[in-house]
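Asks: Here's a structure for you.
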């Protein structure tokens with residue numbers, strides 16, 4: 001005995017369940033007047049039920065309307081060009097006669113970092129074949145752009161010079177434009193990947209402080225530099241005589257790198273003799289010569305054949321000896337230079353002759369044996 005008719009006929013079972021003379025005619029989810037059981041695009045209106053690749057998925061909802069296998073979308077190919085008539089860059093490409101939609105990516109390369117595919121999505125589901133970008137790269141930075149086609153799966157980003165598929169680590173839609181969340185897009189962030197909202201760059205090298213491993217650009221990493229903000233102080237610096245640990249090594253003696261350190265020197269005395277060495281004392285270069293001054297004319301030095309005060313003049317040739325030499329003339333013998341007395345007459349002896357010479361009085365004497 002047959003049961004009562006069903007309230008509608010939307011079971012897609014090929015039976016007239018509601019006994020109205022029509023089979024599977026009820027239900028129209030997308031409202032395109034095509035019953036769900038016969039609609040090749042159940043949730044997208046497709047009035048003409050077009051199906052170009054005959055894969056039973058209507059073109060209006062087919063992720064690959066010309067590919068019956070519904071594989072990845074066909075890549076855009078090397079057709080991307082850039083123009084910048086004003087402050088905005090226009091990215092253009094060819095659809096190859098296959099249409100879109102398309103996804104557009106922007107990457108960047110700074111002078112500090114190595115090359116990397118760091119692109120992020122700046123346009124998703126673009127129907128046209130061009131897109132404007134109002135961002136301008138930082139000094140020392142360049143932008144690059146890549147375009148993909150959407151399909152059942154997004155197409156590849158193309159291939160590099162070696163023929164390898166370019167990686168896409170942040171597919172559309174993405175948050176990679178400001179991955180560190182500091183309010184500055186990564187492409188123009190001087191410290192991409194690390195928050196630096198103020199864009200502080202102490203040494204002006206276009207690398208933000210949070211990611212700058214050498215803040216003063218002195219060649220020494222911050223972790224090894226005892227003064228990371230002073231380029232004059234770092235490991236290997238010359239240790240000047242200044243009371244500062246220039247080379248970040250407490251064992252290095254202050255002034256060890258001074259050009260004159262350890263050289264012979266003449267102190268603050270009246271002679272010219274190099275009787276000390278240059279040393280660093282109290283952050284000041286000084287001479288260790290504390291012998292006092294030597295005078296050619298003192299202690300009979302005007303007759304010893306030595307340049308006692310190191311001025312390049314010996315004995316009588318030294319201006320300091322003038323007025324301190326006496327000459328006496330006594331019978332016979334060769335002239336003899338003698339030192340003048342300073343506290344009374346000086347007794348001069350030569351052979352068996354004796355002469356008295358008054359202080360600072362020039363006398364020519366010839367000493368010899370007296371005749372009988």
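The values are calculated or read from the model by the stated rules, or taken from the named source; none is laboratory data. Worth saying up front: this structure is predicted, and the values here are computed from it rather than measured. Please note: Cβ atoms are built from the backbone with ideal geometry, for glycine as well, and neighbour counts cover all protein chains shown.
Asks: Go through 170, 182 for me and flag whichever is buried (at least 17 other Cβ atoms within 10 Å of the Cβ), in contact with a helix residue (DSSP H, G or I) (Cβ under 6 Å, 6 or more places away or on another chain), assigned by TED's automatic domain parsing to the domain that holds residue 144 and assigned to a loop (DSSP other than H, G, I, E, B).
Replies: Of 170, 182, the one residue that is buried (at least 17 other Cβ atoms within 10 Å of the Cβ), in contact with a helix residue (DSSP H, G or I) (Cβ under 6 Å, 6 or more places away or on another chain), assigned by TED's automatic domain parsing to the domain that holds residue 144 and assigned to a loop (DSSP other than H, G, I, E, B) is 170.
Asks: Applying the selection to segment 51-71, what residues are buried (at least 18 other Cβ atoms within 10 Å of the Cβ) and either at pLDDT below 85 or in the same structural domain as residue 145 (by TED's automatic domain parsing) (or both)?
Replies: Selection gives 62, 64, 65, 67.
Asks: Here's a follow-up. Tell me whether segment 192-200 contains one or more residues that are assigned to a loop (DSSP other than H, G, I, E, B) and under 14 Å from the mean Cα position of the chain (by Cα).
Replies: no
Asks: Starting from residues that are crowded, with 17+ Cβ neighbours inside 10 Å and more than 30 Å from residue 239 (Cβ to Cβ), keep the ones in segment 270-294 and report whichever is modelled with the lowest pLDDT.
Replies: Ranking the qualifying residues of segment 270-294, first place goes to 294.
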